[in-house]
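Read-outs: derived from the displayed coordinates by stated rules, not from any lab. All figures in this text were calculated on a predicted structure; none of them were measured in a lab. With ideal geometry, Cβ positions are generated from the backbone for all residues, glycine too; neighbour counts draw on all protein chains shown.
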């Protein structure tokens, strides 16, 4: 298969416009090279028997709708074409089940019923999955179905043969750090003001982020950031995602009314606003690679730390 054939197939599978060819050339290929070099460096000095040290875990962070999943898919295909066993995981697939979040909402705060923020993921499952991917044998990868707001049955999870050389972990809060306690005092938006007046929810989320999430993110050997120009564009990006999802569900004969409407999207991203703004403020200075995006999600430039 020629490079052109691969790109044609990828654009068709991912339902991407022709202009994404430029992104593959200017962003995806250089990033794949950076990851491949980091994977080779991670392997230096290890023997075949030292399987746990051979896998490079790459974190890919970006606001909702920034194109993380598409970029991760392209990187995996490029790495595999170069002979590296690679796969991608989404932190979204490690959400707690609907029942687990309902229990959390009852015991801690009602806002924890909504998936997304730190504290609503099964972090031990994510860590166990990464450990398994480092080793020989088959690993099943969890899948979360957002249409029904619950995890699919394990029988429906895809299977990957290990050990892998590269695993990409993508997600809106991957690599995030907690805020200072003083930053939590004042509500950031109407959701926090009206439904978390005493700060219980945001305090719990921040404590979770400071705890086992940092252990998970400590496994990252490389951190990539898709940098939105501001939080203000995120609503439009997520709105576009939901509208496309609604079209796909309707075309497949599903119940499109289960997809969020515009008002639902606005409320949903309010849960993410605090940490997203914090990421945009502090992560660019420490991420290994930053891809700056414009308001239309087009990459403006790729910046490597120290470069």
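So what is the diffusion coefficient of the stretch 38-138 in µm² per second by Stokes-Einstein at 25 °C and 0.890 mPa s, using a Kirkwood Rh over Cα pairs? Present the calculation step by step, with values, prior to reporting the outcome.
Numbers: Rh = 16.0 Å.
After rounding, the answer is 154 µm²/s.
Among 264-270, 148-154, how do they line up by average Cβ neighbours within 10 Å per residue, starting with the highest?
264-270, 148-154
Helix 98-107 versus the longest principal axis of the chain: what angle, 0 to 90°, nearest 10, using Cα atoms?
The angle comes out at about 40 degrees.
Expressed as an acute angle from 0 to 90° and rounded to the nearest 10, what is the orientation of the C-alpha long axis of helix 123-133 relative to the principal long axis of the chain?
10 degrees
Between the helical axis of 273-282 and the dominant principal axis of the chain, each derived from Cα atoms, what acute angle in degrees is found, rounded to the nearest 10?
It works out to around 50 degrees.
Taking only Cα atoms and a 10 Å spring cutoff, compute GNM fluctuations for the chain and point out the largest among 207, 72, 190.
Among 207, 72, 190, the largest mean-square fluctuation in the Gaussian network model of the chain belongs to 190.
Of all DSSP beta bridges located in the chain, what percent are antiparallel, nearest 5? It would help to have the intermediate numbers written out before the result.
Details: 12 of 32 bridges.
Given both bridge residues lie in the chain, the antiparallel proportion sits at roughly 40 percent.
Taking 2.2 N^0.38 Å as the expected size of a compact globular protein, what ratio does the Cα radius of gyration of the stretch 3-225 give against it, to two decimals? Mind showing how you got there, number by number?
Working: Rg = 18.9 Å, N = 223, 2.2 N^0.38 = 17.2 Å.
Taking the Cα Rg and dividing by 2.2 N^0.38 Å, one obtains 1.10.
Quick one: compute the contact order of the chain, relative version, from alpha carbon pairs under 8 angstrom and 6+ residues apart, as a percent.
22 percent
Can you report the principal axis dimensions of the stretch 128-278 using only the alpha carbons, biggest first, rounded to whole angstrom?
Extents along the principal axes: 49, 43, 29 Å.
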